[in-house]
Each structure stands twice: as structure tokens, then as C-alpha cells.
């Protein structure tokens, strides 16, 4: 069996027996994987502090054809992100991001852009960036990477192009917006102003403010949150378990 070495984000850990761990991780080049780390709870050399939740670690592992579990050989910690495990609000949001990533990307479906998004968002959470902005940013981009981007460039009913003027209504069953001639704003079909529509379009395209503060206007966040919540629940078919702790 050939050994692979990948930067990876630790998603879940389960103790097995007296010393083993089953680790779910999202690797940069091979997607989400599950592996068994033999003796990891006793090892002082092979897995030093690198198998904790949300850690960014370089993992060495081997895969055997026909086996669901790979075999973890060793690991090296790259980033610890300790505040994500010590602050309840950060823990809740980080867990929500992990759950959404797991649902959108089945085992062994590689996506380097999703790996980078998760790494950036966990890092920004740890650094104390705005939580509500990060939640909206992550939801919008993750859904797009998972194949569920919201159609924003025209009315999903009459097909008239949206020119960035006037309010638009989100129709979850159509996966896109509608004009006010074809739909009306309700609790189930929330509306967005042009700024919110444009912001969502940028977020879906992978916008990340590298040289500016990570900030969205409060009005934009308040409009995008119900849109994304309905979109996620409709496309996934259920409400995420971790969403109940976010408020």
C-alpha cells in the first residue's frame, strides 16, 4: 500500500478500545476520509497533539482497496485553533461548518476549494473575526461548491434578467430569485435588496477580503440569513443538527 501525505482538517474523533481512534478528516487532495489511528491515545511520537477537533494537521496514511477505513501512520500539527474548543459560540459555529461540509461532500470526493474554505473560516473564527459574516460567507460558498448555488442573474419564473435594480424574492423550490411581478415577499419567500443580491453573488463566487476587514453590513446579513437557511434546508432535506445551537 502506498502512503499518502496530506494537509488535513480533523472533523471528528471516536475512541475505539483502550488506545485507538477513528478519525474523520478532510484532506486537501483526497477529500473527506475516515481512518484508524492505532495506539494514538498512547503514542507520544506519531500523533503529538494533532488529532484534536478542528486542528489543521499533516497526516500520513495508507488506503487499502475495498476498505472504508484508511490507516493513519503519523501526523504533525500545523495549526491548533484552540479557541474553537474553549469558546462555546465558536465551537457551535465550527461544528456547524463541519456538519455542512460532511453533508455536501461524501467520502473520497476531493475538492481543494472546499478544503481551503473550511481552513480559512476556522482560522478566521479563531482570530476573532465577525461570526455572523463568517457564517453567511461559509454557507453561501459551501453550497455553491457542493453544486447548490442560488441562481441570481434573472427571474427563475419569467426569465427576465435581473439588472441589480429593485428587490428580488427568493424561491427555494426553484433555487433562485424571482421578480416582484412573479412572486411576493413572505416569511417563506424572503426578499433581498440589490446590495444583498450582489453580495450573495460575490460570496458564491469565492470572494474573500484578503486586504480588508471581514465585514458585511448588518442589513445584508439579516436578509441573507433566512434566504440561506431555507435554501440549505430545502436542498439537504432537513435541518442540520448543529444549527439548533446557533440561534
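Read-outs throughout are calculated quantities, based only on the coordinates presented, and are distinct from any laboratory measurement. Because the structure is predicted, anything quoted here is derived from the model rather than measured. Backbone-built Cβ (ideal geometry, glycine too); neighbour counts: all protein chains shown.
Structural remarks
- Size check on segment 131-215: the Cα extents along the three principal axes, sorted descending, read 39, 26, 24 Å.
- Taking the inverse of the mean 1/r over every pair of distinct Cα atoms in the chain gives a Kirkwood hydrodynamic radius of 19.3 Å.
- Here each label is just a point 7 Å from Cα along the line to Cβ, and for residue 109 and residue 69 those points are 2.4 nm apart.
- Pairwise Cα inverse-distance average, inverted: Kirkwood Rh of segment 1-62 (Å): 11.6 Å
- For the chain, relative contact order (Cα pairs under 8 Å, six or more residues apart, normalised by length) works out to 15 percent.
- Model label sites at residue 3 and residue 158, defined 7 Å from Cα along the beta-carbon direction, differ in position by 6.5 nm.
- Segment 170-247 - convex hull of the alpha-carbon atoms, volume per residue in Å³: 121 Å³
- Helix 194-204 axis versus longest C-alpha principal axis of the chain: approximately 30°, rounded to the nearest ten.
- Using R0 = 22 Å, the C-beta based FRET efficiency linking residue 244 and residue 186 works out to 0.40.
- Quotient of C-alpha Rg and 2.2 N^0.38 Å, computed over segment 25-112: 1.13
- Helix axis angle, 88-104 relative to the chain longest principal axis, alpha carbon, degrees: 90 degrees
- Against the chain, whose longest principal axis comes from its Cα atoms, helix 218-236 is set at around 70 degrees.
- Here each label is just a point 7 Å from Cα along the line to Cβ, and for residue 233 and residue 76 those points are 4.6 nm apart.
- Sorted fewest first by neighbouring Cβ atoms within 10 angstrom, 241, 129, 2 come out as 2, 241, 129.
- Listed residues 75, 191, 164, most fluctuating in the chain (Gaussian network, C-alpha, under 10 Å): 164
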